[in-house]
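A.B. asks: First the structure, then my questions, so here it is.
The values are calculated or read from the model by the stated rules, or taken from the named source; none is laboratory data. Quick caveat, the model's predicted, so the values are computed rather than measured. Every residue, glycine as well, gets a Cβ built from its backbone with ideal geometry; the counts of neighbours run over all protein chains shown.
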Amino acid sequence: MTHPDEELSSQLQPDIPHAARMWNYWMGGKDNFAADRATGDAVAQIYPEIALMARFSRQFLIRVVRYLAVEAGIKQFLDVGTGLPSMQNTHEVAQNIHPDAKIVYVDNDPMVLVHARALLRGTTAEGITNYVPSDYHDPETILTKSAESLDFSKPMAVMFMGVMGYEPDLAVIRSIVSQMMSATVPGSHLVFWDGTNTSPEVVAGADRLAEMGGVPYILRSPEELATVFDGLDLVDPGLVPITSWRPEPGEVEHIDAYGAVGRKS
């Protein structure tokens, strides 16, 4: 009988550049292959800040989850398109503050699922960490499966952390986010960040990614990203470069990625 992890490993396609593995490489991780590193280096030659963006995005996640857990009292997190686990994942940050916090990760990537098996063993005794294998284009399945772990009668945070650039149609993104947030109660929050077309260098880097065989990533303007939060109350400081969202002292540095937290009233 084939072990489940062996079946998943057969789908990894190490010779094809892979988004989650390249992101892992840029963050300094080791869960990547030669094709990922070659493409990652090619993008970095044109847009050297890509590695900074990867690391700054994790710092943004940490600050946001801390804010939600401490100041907003959120104990439930639905992290959609989580990618490969690295340092200070959502459940680690949240459960360090609320040991009974519940976290559901969503991804459709076989490599992420392999790592999720180890990730699930890292939860606290009081809390819940679970994983839903699904695509963000199927919010109905995500909502149904995550309801096995999360209580939708209580506030939660729905997170899309730098993953929606793979969807070329902004209207589809808005629809997915709207459907997800419609299932939550008032007091819930949306966390969303993505790469922006705010410099010629980042646009050239995205072009190189596509040229090297990576899945094209659509960069949008901050004004376009702002429409994702329609109907929600933006938490101060609003939609800003992720490095400017409640930064720690000495952290501020501009990056071509904007994010925000919106509260459902």
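A.B. asks: Within region 157-196, take every residue that is small (Gly, Ala, Ser), in a helix (DSSP H, G or I) and over 12 Å from the mean Cα position of the chain (by Cα) and give me the one that is surrounded by the fewest Cβ atoms within 10 Å (Cβ to Cβ).
C.D. replies: Selected residue: ALA171.
A.B. asks: Okay, next question. From VAL215, VAL202, VAL240, grab the single residue that is out of contact with any Pro (no Cβ under 6 Å at 6 or more places or on another chain) and surrounded by 21 or more Cβ atoms within 10 Å (Cβ to Cβ).
C.D. replies: Of the residues listed, the single one that is out of contact with any Pro (no Cβ under 6 Å at 6 or more places or on another chain) and surrounded by 21 or more Cβ atoms within 10 Å (Cβ to Cβ) is VAL202.
A.B. asks: While we're on this one: If we keep just the residues of region 144-156 that are touching a Leu at 6+ places or on another chain (Cβ under 9 Å) and either on the phi > 0 side of the Ramachandran plot or not polar (S, T, N, Q) (or both), which is surrounded by the fewest Cβ atoms within 10 Å (Cβ to Cβ)?
C.D. replies: PHE152
A.B. asks: Evaluate the following for MET87: is it under 21 Å from GLU248 (Cβ atoms) and surrounded by 18 or more Cβ atoms within 10 Å (Cβ to Cβ)?
C.D. replies: No.
A.B. asks: Search region 198-210 for residues that are under 18 Å from GLU224 (Cα atoms) and pair each with any residue that is modelled with pLDDT under 90 when their beta-carbon atoms are under 7 Å apart and the residues are at least 6 apart or on different chains.
C.D. replies: VAL202/TYR47; ALA206/TYR217
A.B. asks: Same structure, new question: Just to be sure before I move on: is GLN59 at pLDDT 90 or above, under 13 Å from the mean Cα position of the chain (by Cα) and either of a type in the set (Ser, Thr, Tyr) or not in a loop (DSSP other than H, G, I, E, B) (or both) in the structure I sent?
C.D. replies: Considered against the rule, which asks whether it is at pLDDT 90 or above, under 13 Å from the mean Cα position of the chain (by Cα) and either of a type in the set (Ser, Thr, Tyr) or not in a loop (DSSP other than H, G, I, E, B) (or both), GLN59 comes out as yes.
A.B. asks: Hey, another quick one. Could we say that ASP100 is without any contact (Cβ under 8 Å) to a residue 12 or more places away in the chain, surrounded by fewer than 20 Cβ atoms within 10 Å (Cβ to Cβ) and among the charged types (D, E, K, R) here?
C.D. replies: no
A.B. asks: Pull up region 24-44, narrow it to residues that are outside any helix (DSSP H, G or I) and on the phi < 0 side of the Ramachandran plot, then point me to the one that is surrounded by the fewest Cβ atoms within 10 Å (Cβ to Cβ).
C.D. replies: Selected residue: LYS30.
A.B. asks: Sticking with this structure for a sec: Give the residues of region 197-224 that are outside any loop (DSSP other than H, G, I, E, B) and touching a helix residue (DSSP H, G or I) at 6+ places or on another chain (Cβ under 9 Å), sorted by residue number.
C.D. replies: Residues satisfying the conditions are GLU201, VAL202, ALA204, GLY205, ALA206, ASP207, ARG208, LEU209, GLU211, ARG220, GLU224.
A.B. asks: Also, I was wondering about something else. Restricting attention to region 64-78, report how many residues are under 27 Å from ASP135 (Cα atoms) and surrounded by fewer than 18 Cβ atoms within 10 Å (Cβ to Cβ).
C.D. replies: Within region 64-78, residues that are under 27 Å from ASP135 (Cα atoms) and surrounded by fewer than 18 Cβ atoms within 10 Å (Cβ to Cβ) number 1.
A.B. asks: Which of the following residues is β-branched (Val, Ile, Thr) and at pLDDT 95 or above: ILE50, ILE46, ILE97?
C.D. replies: None of the other options fit; the residue is ILE97.
A.B. asks: Next question, about the same structure. So is SER221 loosely packed, with under 15 Cβ neighbours inside 10 Å and either in contact (Cβ under 8 Å) with a residue 12 or more places away in the chain or not acidic (Asp, Glu) (or both) or not?
C.D. replies: yes
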